[in-house]
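Report on one structure; see the data block that follows.
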Amino acid sequence: MKRGLLILLVISIGGLGFAQKSYEPNWESLDSRECPQWFPDAKFGIFIHWGLYSVPGYTNKGTYAEWYWNALLEDPNTANEKRKLRHEVITSFHNKNYGADFKYADFRKDFTCELFNPSEWADIFKRSGAKYVVLTSKHHDGYCLWPNKEASTSFGMAWNSVESGPKRDLVRELTDAVRDEDIKMGLYYSIWDWFNPYWTKQQQQLMSSGNMAVNFNEKADKVTPAKKKELKAAKEGLSKYVHEVMYPQFKELVNEYQPSLLFSDGDWWMNDELWETKPMLAWLYNNAPNKDEVVINDRWGKGRGQHGGYYTTEYGAGFEGIDKPWEENRGIGMSFGVNRIENIDDYRTEKELLFMLVDLVSRGGNLLLNIGPNPDGTIPVIMQERLIQIGQWLDINGEAIYGTRANKESAQWSEGKRPVFTKHDFHAGFPIYEMTIAPKAGNAFKECWYTRKENTLYALTPGWPKNNQLVLRNLSINENTKVSMLGVDKELDYTIDNGQIQIDLSTISINDLPCNHIYTIKITNVN
């Protein structure tokens with residue numbers, strides 16, 4: 001009887017939360033929290049950039065359309081060449097089509113979302129095979145897609161989607177629809193508002209010019225009285241924004257919508273001490289209604305890839321060989337927000353996207369693939385098609401993607417010199433074919449990618465193996481090993497010769513092929 005009472009007491013204490021860890025506002029404590037397993041299991045998510053910038057939906061190719069407002073107010077005298085060109089292109093387009101007196105805020109009346117059907121969106125996401133969705137609840141322009149009063153108060157006008165534009169709580173509608181499809185719902189939240197009136201004019205000029213570093217820590221002997229007054233005003237403006245806008249918005253999102261994932265952005269021009277993000281994250285981990293589920297990225301102050309629940313790269317290569325969940329995020333084209341001048345040649349093909357997905361997953365990462373809806377609430381058909389094509393492939397091969405982990409060797413390379421790619425190579429388009437099916441002369445290439453679930457190994461081939469034979473090296477199997485292809489209802493014969501496993505695919509005819517582009521060989525009982 002006493003033992004039973006003791007068990008009940010322990011359960012009761014645990015239920016009240018006394019047994020749970022309390023997190024402190026420092027990185028040692030915050031980083032001690034393990035990333036919830038649903039995230040590294042998910043592997044594929046959908047990013048959505050949607051807001052006032054979707055109305056003009058324009059920028060020069062190769063740049064981000066969601067930076068439209070920033071580009072308009074760019075100071076060409078201090079901008080680098082890339083930003084100067086974007087400013088000139090967008091300013092010319094804006095003046096010609098809307099007029100020089102047309103303000104960015106005037107786009108609110110055209111952000112109508114009259115064709116937005118959240119259930120249709122969620123159905124497309126379900127068919128894509130995505131396990132999580134991340135919507136821009138607020139981008140750097142500060143405009144909120146939920147009824148946030150702090151946005152309107154600080155900007156001095158209706159600055160959310162319920163008080164202006166569509167007059168709808170877009171975050172709520174999509175969150176409910178996505179969760180009805182049993183998909184995790186996440187929210188992107190920019191901690192930086194480019195032109196929030198609480199910032200000083202000096203800060204806004206520094207931001208819009210691309211000179212992001214505001215030096216609040218200049219030595220006293222170098223600070224003139226005028227400069228000291230200027231820095232004091234800047235600090236006060238920053239504190240006002242953080243405590244009267246950022247903190248309340250963040251807490252409202254967490255309490256009202258309980259996002260499974262929080263994707264912070266706009267972090268890079270100040271450190272986390274100035275942003276004061278650590279206390280905010282400690283509050284999240286200790287008090288969020290879904291605190292055991294919520295996942296955060298690494299964008300909470302200057303210095304990405306150092307702290308947070310997972311690391312994320314943007315139009316980059318991702319990582320390999322790190323003991324940390326990670327994600328690569330990018331658009332199907334070269335912009336996150338819809339860019340209406342992108343054409344068919346600017347969009348990645350089904351094959352390219354599948355190669356990217358498998359390459360990232362083989363190295364232990366996720367792919368967060370972006371779509372940019374139109375201001376009327378429709379998703380461009382080419383984006384819908386790409387998502388459905390990925391889903392059709394995952395219907396067959398998802399076993400080798402979801403819930404897998406990186407193998408000791410993420411891929412089997414051929415003989416030759418392994419190519420080295422720069423950040424620019426990945427930003428410009430991901431050199432996925434050069435590392436697989438179209439290598440340069442003399443270079444090695446990936447003959448297959450590997451993923452793993454305990455003792456089951458998956459070898460994913462970029463195209464069909466030559467002569468119907470797949471040769472895998474340096475694998476140790478046993479008499480209980482079975483080999484098959486996902487989507488094909490037959491075992492495959494194989495032989496072992498000098499430590500190599502030669503798998504015979506000749507029994508699979510062209511009419512048996514279960515999918516396109518990448519084929520998955522399942523090998524059980526791998527030692």
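The values are calculated or read from the model by the stated rules, or taken from the named source; none is laboratory data. Note that the structure is a prediction, hence the values are computed from the model and not measured. Glycine gets a Cβ as well: all are built from the backbone with ideal geometry, and neighbour counts include every protein chain shown. Ligands, DNA and RNA are excluded from the accessible area calculation, which covers all protein heavy atoms including side chains. Shrake-Rupley method; radii C 1.70, N 1.55, O 1.52, S 1.80 Å.
The table for this structure:
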item	result
Full-stretch length increase - Asn525, Asn271 - with 0.36 nm per residue and alpha-carbon distance subtracted	86.6 nm
The stretch 214-370 - accessible surface per residue (Å², probe 1.4 Å)	37 Å²
For the stretch 345-389 and the stretch 446-518, distance of Cα centres in Å	27 Å
Sites Asp123 and Thr507 - FRET efficiency at Förster radius 35 Å, r taken between beta-carbons, to 0.05	0.40
Extension reserve of the Lys167-His243 stretch, reckoned as 0.36 nm per residue once the Cα distance is removed	24.7 nm
Across Lys21/Lys324; Lys251/Lys423; Lys109/Lys351; Lys43/Lys490; Lys103/Lys131; Lys227/Lys324, pairs whose alpha-carbon gap is larger than 32 Å	Lys251/Lys423; Lys109/Lys351; Lys103/Lys131; Lys227/Lys324
Cα-based helix-to-principal-axis angle, 170-180 vs the chain, degrees rounded to 10	20 degrees
Extension gain from Asn97 to Asn468, taking 0.36 nm per residue of separation minus the Cα-Cα distance	127.8 nm
The chain: angle of helix 2-15 to the longest principal axis, Cα-based, in degrees nearest 10	60 degrees
Label point at Asp182 placed 7 Å out along Cα→Cβ; residues across the stretch 375-411 whose backbone nitrogen lies under 20 Å	388, 391-404
Computed FRET value (nearest 0.05) for Asn80 with Cys35, which takes r as the C-beta separation and R₀ as 41 Å	0.70
Distance between modelled label sites at Lys232 and Glu293, nm, 7 Å Cα→Cβ extension	4.8 nm
Cut-off under 5 Å, modelled amide H: who pairs with Glu447 long-range	Gln412, Trp413, Ser414
Listed peptides 27-35, 455-463, 127-135 by packing density, highest first (mean Cβ within 10 Å)	127-135, 455-463, 27-35
Using alpha-carbon coordinates, inclination of helix 118-128 to the longest axis of the chain, degrees	30 degrees
Where a label projected 7 Å from the Cα of Asn516 along Cα→Cβ would reach, residues of the stretch 458-476 with amide N under 20 Å	460-465
Heavy-atom surface of the stretch 380-527, accessible at 1.4 Å and reported per residue (Å²)	52 Å²
Share of carbon and sulfur in the accessible heavy-atom surface of the chain [1.4 Å probe, %]	49 percent
Helix-derived mean residue ellipticity, 222 nm - over the chain, DSSP H n ≥ 4, -39500 (n - 2.57), to 500	-9000 deg cm²/dmol
